[in-house]
Amino acid sequence: MSLRERLAHQPPGYNFTIGRILAIYSGLMLTLMLAALDQTIVATALPRIVSDLGGITQYSWVFTAYMLTSTVTVPLYGKLGDVYGRKNLFLFAISVFLLGSLLCGAATDMTQLVLFRAVQGIGAGGLFPLSLAVIGNIVPPRDRGRWQGLIGAVFAASSIIGPAVGGFIVDNASWRWIFLVNLPVGGLALVVVAIVMPRRAAQTKHSIDWLGAGLLAGGTAALLMGLVWGGKSYPWTSAHVLGSFAIAAALLLMFTGVERRAAEPILPFEILRNPIVAGSVACMALVGMAMFGTISYVPLFVQGVIGTSATSSGVVLTPLMLGAVTTSLLTGQLVSRTGHYRWNAVLGPVVLTIGMILLWRMDVNTTSGEAARNMVVAGIGIGSMMQVFVLSVQNAVRRSNIGSATALTQFSRQMGATIGVTVMGAIVNHGLPPGVGGGEGIGLHRLPPAARETLASALRPAFAVAAAVSAVVWLIAVKYVKEQPLRRSLDEVAAVDAAAATPATVELEA
């Protein structure tokens, strides 16, 4: 049965044709491209920004502020979307992101830029989880793989072209256009979303656990602060780092207590009792650790050890991201055609582990071609898992929990990414003696042979850790991410919800 035929057999009130889904999807892609491009463009332009505004000591905070607010707001967006619908929330998130972009473009010092990046992050926190939840609400599970695979491809492709776009803007115009260019694109996204995304037909009275949301945001922020500070701004045993971890533990412990008593918790812990959901969420966190830890340090190896000059990390990472994009598209199609996703969840970690082992084996004698091959293998592994764990979670929960469940997967991925970058950074720094680097006008790609050998020795353990993490993903996927038939229509979804004694209503707002 084709997608068109499956869409014709949906519950009463469902009126999403292929054309309408494509129209909605165009708005989703525009908003996701905003968030994805922003991260890589800013990374390229930041050295020029610092030279203009000063404040080199606040360099990392331009990223940290954005990461903090975008991470802690993810669960709240997911819950609010489930309760009040996603159209107005989507418009709010885009508007806040554009407001932050405008303020960043007008910043006159680094303190203002950091503050305005935090505003940007508040908006960005809703873009990815809301987009995936929208697809979960308007596309039957059987067809969801190809649509979510395309979203993952857009996100990965943006990571490739972002540095090039950022470099072009910085070289040919003011760095302020790095942020101001978001305004016309975001304005178009606002118009598209406002026109094509329908509203929910009926509203039901709900309560929001604001206390739980505050405790979760505070605990997550404290945990991220400790991870960001540790080994960089302060020693791991310093009062700042240990104090952050202690505050995080206390707030998150209070959060779990509040959530167990809340009528409608921010994170529905009952869905974690489903082994498919729990296993998929754990896998998402571990994949985030392996993926972002690798992305952070592959460019350093290629430029510093192999000696390849690259104007941006995007050029170096192109083979990895192309492998991820291509595989994400292909596996999304295969999942939709076959109706099976478990093979993806089991095979993906194996390929990623092989790719990480190949990266671990690289040394000063590795050629650029060999490095590209190794990155393609790792990219194939990442791409095959890019959306499968989101799909497995959405297919295992009630439609009324899709937003919260999707947000939980993205929250775990972002936390895993932060932990992965931090852990691998600590490993690399531990094996890297002081003085190894360019210095004295020597570019990173012109290090002397002894320094290249030392850098390779420091980086290899990080790739070994990524390989071990990928192997753990395989173990969890084999044991917990079992095959559950992908439902062909939302009628089947409603039937499953009814069998669980939780009648589902068809949301006419995505």
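The values are calculated or read from the model by the stated rules, or taken from the named source; none is laboratory data. Please read these numbers as outputs of a predicted model, since none were measured by experiment. Here the Cβ is made from the backbone with ideal geometry for all residues, glycine too, and neighbour counts use every protein chain on show. Just so you know, the surface numbers come from the protein's heavy atoms only, side chains and all, with ligands and any DNA or RNA stripped out. Shrake-Rupley method; radii C 1.70, N 1.55, O 1.52, S 1.80 Å.
Assorted remarks:
- Using a probe of 1.4 Å on the protein chains alone, the accessible area found for Glu453 is around 90 Å².
- Solvent-accessible surface (1.4 angstrom probe) belonging to Phe245, in square angstrom, nearest 10: 60 Å²
- Debye intensity ratio in log₁₀ form over the Cα atoms of segment 65-121, taken at each q of 0.12, 0.18, 0.28 Å⁻¹: -0.31, -0.62, -1.05
- Surface calculation, 1.4 Å probe, protein heavy atoms: Leu34 sits at approximately 10 Å² accessible.
- Heavy-atom accessible area ranking, 1.4 Å probe, most first, across Phe116, Phe269, Phe463: Phe269, Phe116, Phe463
- Where Trp236, Trp210 fall by accessible area, highest first, once all protein chains stay in place (1.4 Å): Trp210, Trp236
- Compactness of segment 206-339 - radius of gyration and Dmax, Cα, Å: 20.4, 58
- Residues Ser101, Ser174, sorted by accessible area with the largest first, give Ser174, Ser101 [1.4 Å probe; ligands and nucleic acids excluded].
- Distance between the modelled labels on Asn274 and Ala468, one decimal in nanometres: 3.3 nm (7 Å Cα→Cβ projection).
- The C-alpha atoms of segment 340-432 occupy a region whose extents along the principal axes are 54, 31, 16 Å, arranged from largest to smallest.
- Calculated log₁₀ intensity ratio I(q)/I(0) where the Debye formula runs over C-alpha points of segment 261-400, q = 0.16 Å⁻¹: -0.84
- Here each label is just a point 7 Å from Cα along the line to Cβ, and for Ser368 and Met254 those points are 5.5 nm apart.
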